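Chemist: Below you will find the structure I want to go over with you.
The values are calculated or read from the model by the stated rules, or taken from the named source; none is laboratory data. No experiment lies behind these values; they were computed from the predicted model shown. Heads up, the Cβs are rebuilt from the backbone with ideal geometry, glycines too, and the neighbour counts pull from every protein chain shown. SASA here: full protein model, heavy atoms, side chains in, ligands and nucleic acids out. Shrake-Rupley method; radii C 1.70, N 1.55, O 1.52, S 1.80 Å.
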Amino acid sequence: MAYNKNNIKIYEHVKVVPPSSSTQSTTTTPLTSYDLIFLRFHPSERIYFYTLHDPHSHPSCFFHEIVPNLKSSLSLTLQHFLPLAGKIVWPSDSSKPFIQFISNDDDNGVSLLIAESDADFDHVIENSPHEASLTRSFIPNLESSDLFASTMSLQITLFPNCGFSIGITQHHAIFDGKSLSMFVKAWAYLCNKIIGFETPTLLPELEPLFNRDIIKGANEKNAIEILSRISPTEKGNERSLKIFLAEPKLEDSVRATFKLSRENLDKIKQNVLSKWEIFDANESKPHTLSTFILTCAYSIVTIAKAIHGVEKEKEKFGFTFPIDYRARLEPPLPNNYFGNCIWGNFIRLDSFDFEKEDGVFVVAKCIYEKIKMINEKGILKREKIGDKDKSIHNEGYTKVAVAGSNRFSVYENDFGYGRPEKVEIVSIDRGLIIGYGDSKDGNGGVEIGLVLNKDVMDLFSTLFFEGLCDN
């Protein structure tokens with residue numbers, strides 16, 4: 001057994017592969033332009049926490065019953081998601097990288113750590129502000145080099161007599177959030193089948209589609225050019241597959257989760273829509289506004305006010321958010337398409353946008369109009385990511401981003417031991433990012449995860465709850 005400085009005890013480190021009888025000798029999966037722009041982007045990191053009750057919470061039961069079930073079902077899941085058991089490579093005779101799986105190759109398989117922690121489980125999963133670095137102990141590293149990159153790493157950590165966590169570090173060129181959600185749902189479904197001693201077959205809607213030929217008009221060459229602008233390599237090696245790791249912002253920072261109930265969201269919506277015709281008489285107000293627009297507008301304005309209140313020089317903010325293009329392509333992609341099909345979109349905000357009383361309305365209207373334009377114009381109106389990023393940085397904008405979706409139903413992922421107690425997007429600490437997801441309560445509300453400077457978080461918390469009282 002090995003110990004690290006975070007009091008994590010590592011019991012086992014294995015590579016999980018699909019059953020040998022289910023695999024071909026060699027399979028390759030292309031990367032599209034939607035994938036390639038994330039080739040060196042920092043990995044996405046998500047963690048699921050589960051409460052266990054006796055006898056499952058006892059280490060002997062956990063390591064001899066639960067862990068084998070999780071490992072066996074993971075192997076069965078990989079036979080449906082075969083590219084995930086491979087790695088990204090870029091041979092000298094290929095114009096672009098691709099995913100390759102080679103049967104019986106020791107380098108293939110998903111890295112899985114089995115660990116134990118003596119951390120206080122209740123403290124780890126609490127919503128109130130706590131040290132930002134804490135959950136990083138339960139997330140594995142993702143291996144990458146100039147020559148190859150892993151697709152995914154997993155870590156299962158026991159908190160004796162309390163619960164366990166499943167930490168997932170995913171290569172963003174392989175998954176977007178929707179695809180990761182499909183994989184976790186499939187794994188949880190098959191784990192339940194193993195526990196029930198049933199023949200493990202996967203539901204049709206959880207069978208992934210890796211066929212890249214159905215995407216028309218993708219420009220991989222342009223994507224590689226964008227990649228070279230937004231993620232330059234250290235040695236100028238354009239073929240390097242080494243991930244650019246934006247360091248987590250942990251010093252003097254805290255992590256916290258905030259909730260907006262369905263009632264909160266309805267009040268924010270009523271407030272925004274009531275101001276629409278007052279401030280824009282030339283345009284009729286929309287019949288409704290999505291939960292995404294309302295959550296982002298309220299969160300961004302509150303973040304901007306808090307940062308501006310602590311760091312007076314911060315007056316300009318840029319908001320970047322992804323849009324899923326599966327249904328917007330021509331022809332549209334099937335719902336089970338596995339890979340990336342998102343594109344970034346940008347909005348600029350100056351101090352007057354968030355300081356005045358109707359700030360949430362202003363920001364909500366900006367997001368609404370951007371999405372409306374994309375829905376009308378489709379793929380032709382995609383932003384030039386590299387140019388926009390550079391422009392926002394050069395003009396002194398503080399960039400706020402959002403990760404996740406309330407449509408992923410992350411709290412439904414039951415591996416046979418109950419639904420998650422808490423789900424957290426750990427990688428929001430690599431920037432100023434809103435972690436956005438559905439509510440554990442299942443009442444139509446949402447959860448918002450943030451990592452902020454301690455003083456900024458204090459002010460954000462005050463403004464967040466005061467604003468809900470005013471709405």
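Chemist: Sequence-distant or interchain residues sharing an amide H contact under 5 Å with Ser44, placed H: which?
Modeler: The answer is Gln170, His172.
Chemist: Filter Lys305/Lys422; Lys15/Lys193; Lys365/Lys422; Lys267/Lys454 down to the pairs with a C-alpha to C-alpha distance above 25 Å, please.
Modeler: The answer is Lys305/Lys422; Lys365/Lys422; Lys267/Lys454.
Chemist: Shape of the range 242-353 from its Cα gyration tensor (a ≥ b ≥ c, root eigenvalues): rounded if a/c is under 1.5, otherwise prolate when a/b > b/c, or oblate?
Modeler: Because a/c hits 1.5 or more and a/b fails to exceed b/c, the range 242-353 counts as oblate.
Chemist: Skipping prolines and chain starts, which residues have an amide H placed within reach, meaning under 5 Å, of the one on Phe175, given they are 5 or more residues away or on another chain?
Modeler: none
Chemist: Along Cα→Cβ, 7 Å out, is where each label goes; now give me the distance between the ones at Ser72 and Ser284 in nm to one decimal.
Modeler: Here the modelled spin labels are 6.0 nm apart.
Chemist: I would also like to ask the following. What's the local net charge at Phe460, with K and R +1, D and E -1, over the other residues with C-beta under 12 Å away?
Modeler: -1
Chemist: Please report, in Å, the Rg and the Dmax of the range 235-291, where both are computed over Cα atoms only.
Modeler: When restricted to the Cα atoms of the range 235-291, Rg and Dmax are 21.7, 55 Å.
Chemist: What's the percent breakdown of Cα-Cα distances in the range 84-133 across 10 Å bins, shortest bin first?
Modeler: Histogramming the range 84-133 at 10 Å steps yields 19, 26, 17, 23, 15, 1 percent.
Chemist: Can you list the HN-Hα couplings for the range 79-94, worked out from phi with the Karplus curve (6.51, -1.76, 1.60; θ = phi - 60°), rounded to whole Hz and with x for Gly and Pro?
Modeler: Calculated HN-Hα couplings, in order: 5, 8, 10, 4, x, 5, 7, x, 8, 7, 10, 9, x, 5, 8, 10 Hz.
Chemist: Over 26 Å between Cα atoms: which of Lys216/Lys285; Lys178/Lys216; Lys178/Lys399 fall into that group? Could the numbers behind the result be given before it?
Modeler: Working: Lys216/Lys285 35 Å; Lys178/Lys216 20 Å; Lys178/Lys399 23 Å.
Where the Cα-Cα span goes over 26 Å, the pairs concerned are Lys216/Lys285.
Chemist: Order the following by accessible area, largest value first: Thr157, Thr462. Probe radius 1.4 Å; ligands, DNA and RNA are ignored.
Modeler: Working: Thr157 0, Thr462 65 Å².
The residues order as Thr462, Thr157, largest area first.
Chemist: Also: Determine the sum of side-chain charges near Glu421: Lys and Arg each +1, Asp and Glu each -1, restricted to other residues whose C-beta is under 15 angstrom from that of Glu421.
Modeler: -4
Chemist: Among all the aspartates and glutamates, which ones have a C-alpha under 16 Å from Lys377's C-alpha, if same-chain residues fewer than 8 places away are not counted?
Modeler: Within the straight-line limit of under 16 Å, Lys377 reaches these aspartates and glutamates: Asp324, Glu330, Glu369.
Chemist: While we're on this one: Which far-off residues, 5 or more places away or on another chain, put their amide H under 5 Å from the one on Lys316, with H placed in the peptide plane?
Modeler: Hits under the 5 Å cutoff: Thr398.
Chemist: Moving on. Would you mind counting up the charge near Glu116? Only other residues with Cβ under 13 Å from its Cβ, with Lys and Arg at +1 and Asp and Glu at -1. Don't jump to the answer; show the numbers that get you there.
Modeler: On the way: positive: Lys9; negative: Glu12, Asp118.
Its environment carries a net charge of -1.
Chemist: With +1 on each Lys and Arg Cβ and -1 on each Asp and Glu Cβ, and nothing else charged, work out how big the dipole of the chain is about its Cα centre, in Debye to the nearest 20.
Modeler: Approximately 1120 debye in magnitude.
Chemist: Got a sec to turn the phi values of the range 208-216 into Karplus ³J(HN,Hα) couplings, 6.51 cos²θ - 1.76 cosθ + 1.60 with θ = phi - 60°, whole Hz, x for Gly and Pro?
Modeler: Karplus-based 3J(HN,Hα) across the range 208-216 equals x, 10, 9, 5, 7, 5, 7, 8, 9 Hz.
Chemist: Counting helices only, and only those DSSP H runs with n ≥ 4, report the 222 nm mean residue ellipticity of the chain as the sum of -39,500 (n - 2.57) divided by its residues, in deg cm²/dmol to the nearest 500. Don't skip to the answer; put the middle values down first.
Modeler: Working: 11 runs with 140 residues, N = 471.
The helix contribution divided over the chain gives -9500 deg cm²/dmol.
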